[in-house]
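Data block below; observations after.
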Amino acid sequence: MNLVTEQYKDVVTQDVLGMTYENQTINYLKIGEKSDKPKKVIWMDCGIHAREWISPAFCQWFVKELLENYKTDEKISRFFQNMDFYVVPLLNMDGYNYTWMENRLWRKSRSPSPVSNCSCFGTDLNRNFDASWNSIGASQNCCSEIFCGSKAESESEVKAVVDLVGRIKNDILCFLTIHSYGQLILMPYGHPNKTAPNHDEHLKLGQNAANAIKQKHGTSYRVGPPSQILYPNSGSSRDWARDIGIEFSFTFELRDNGTFGFKLPEDQIQPTCEEAMAGVTTIVEYVHNK
Ligand code: ING
Ligand code: ZN
């Protein structure tokens, strides 16, 4: 982040999103032409789940693609004039560090349990948002992989997202949060009883993105709300973003389909990023032109 901020001063600024439980600074990049007129925003966060290593890799790829091409690519140059990309390359820094040091398959944050009779660590950050919190597909057991925390927004990493996104929500055209694995494009809502008012348009846009992905390397992605194509859940950032009025909100579940799972081989990093780039660009172009 320091490197690209220095190298592309004209179009990149780095800022602090907040702090992790272990007091590490979470940074984000703001990418686009500097301008006095108000600009629209595309949000992208990566690495909310520690073990999903292809996710932070994709945020890096995304930033690199934008910056290496904006001067020559008319599409990106138009994006840069009208929009800023807010990119959080690694949200769950504590958990990610833990996957390198102690347990490759750690998912949650690293905060200790809020209840004294439970000794497990970590809250699932993607169950901790204030969207039908603790209602379905989430656990109150602090040892569960999907522990939703003692209350909504109990985690500082979640609070950091909520504070910034809440401040700029009226400018955000689309909220994108990157996970693995499963090859899915998920849309609101995780809760089976809720349907977004723009469900049909959302679905169509997701399907267009999946088509663009398929054209790249032939990889199939399925599209829909989690409750319809997998299992229901609550407290996700995607649903929260839609709830506060952001019109388009998608979760990308990158490769693979379970063969290697979270331990995606190195030779799949580049093709995974290339196809995801095509999917994301389809969405960004649509919301930009709308
Ligand atoms: N998947 C997401 C999760 O938070 C999700 C999104 C929700 C997928 C519900 C399917 C069903 O569980 C991962 N991989 O983290
Ligand atoms: Zn995940």
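Observations, loosely collected:
- Karplus (6.51, -1.76, 1.60) ³J(HN,Hα), θ = phi - 60°, over region 219-229, in Hz, Gly and Pro reported as x: 6, 8, 10, 9, 10, x, x, x, 5, 8, 10
- Taking amide H atoms as placed 1.01 Å from N in the peptide plane, the amide H of Phe147 lies under 5 Å from those of Asp124, Ser139, each 5 or more residues away in sequence or on another chain.
- Amide hydrogen neighbours beyond the local backbone of Gly18, cut-off 5 Å, H modeled: Ile26
- Computed over the Cα atoms of region 164-283, pair by distinct pair, the Kirkwood hydrodynamic radius stands at 14.6 angstrom.
- Sorting the segments 19-25, 150-156 by their mean number of nearby beta carbons within 10 angstrom, highest to lowest, gives 150-156, 19-25.
- Degrees between helix 199-217 axis and first principal axis of the chain (Cα, 0 to 90, nearest 10): 70
- By accessible area with a 1.4 Å probe, ligands and nucleic acids excluded, highest first: order of Asp256, Asp130: Asp130, Asp256
- Here the peptides 264-272, 63-71 are ranked by packing, the mean other Cβ count within 10 Å, and the order with the highest first is 63-71, 264-272.
- The spacing between region 97-170 and region 49-73, judged by their C-alpha centroids, is 25 Å.
- Rounded to two decimals, the Cα-based Rg/Rh of region 129-206, with Kirkwood Rh, is 0.97.
- For the set Trp61, Trp43, Trp133, solvent exposure ranked by accessible area (probe 1.4 Å, protein chains only) runs largest to smallest as Trp133, Trp61, Trp43.
- Averaged per residue, the chain has 44 square angstrom of accessible surface, using a 1.4 angstrom probe with ligands and nucleic acids left out.
- Taking the chain as a whole, the Cys residues whose C-beta sits 4.7 Å or farther from every other Cys C-beta are Cys148, Cys174, Cys273.
- Under Karplus coefficients 6.51, -1.76 and 1.60, residue-wise ³J(HN,Hα) of region 269-279 in Hz, glycine/proline x: 4, 5, x, 4, 5, 4, 6, 5, 4, 5, x
- If the Kirkwood radius is taken over C-alpha pairs of region 73-199, then at 10 °C and 1.306 mPa s the Stokes-Einstein diffusion coefficient equals 95 µm²/s.
- Here the Karplus curve 6.51 cos²θ - 1.76 cosθ + 1.60, taken at θ = phi - 60°, turns the phi angles of region 186-191 into couplings of 9, 10, x, 10, x, 7 Hz, with x standing for Gly and Pro.
- The chain - share of DSSP beta bridges that are antiparallel (%, nearest 5): 40
- Split the accessible area of region 169-242 by element, probe 1.4 Å, and carbon with sulfur accounts for 43%.
- Using alpha-carbon coordinates, inclination of helix 54-69 to the longest axis of the chain, degrees: 20
- Amide H contacts of Ser180 (H built 1.01 Å from N, under 5 Å, at least 5 apart or other chain): Leu254
- Taking other residues whose beta carbon is less than 9 angstrom from the beta carbon of Ile178, and scoring Lys, Arg as +1 and Asp, Glu as -1, yields -3.
The values are calculated or read from the model by the stated rules, or taken from the named source; none is laboratory data. Computed from a prediction, not measured in an experiment: that's the story for all the values here. Glycine also receives a Cβ, built like all others from the backbone with ideal geometry; neighbour counts cover every protein chain displayed. Surface accessibility is based on the protein's heavy atoms, side chains included, excluding ligands, DNA and RNA. Shrake-Rupley method; radii C 1.70, N 1.55, O 1.52, S 1.80 Å.
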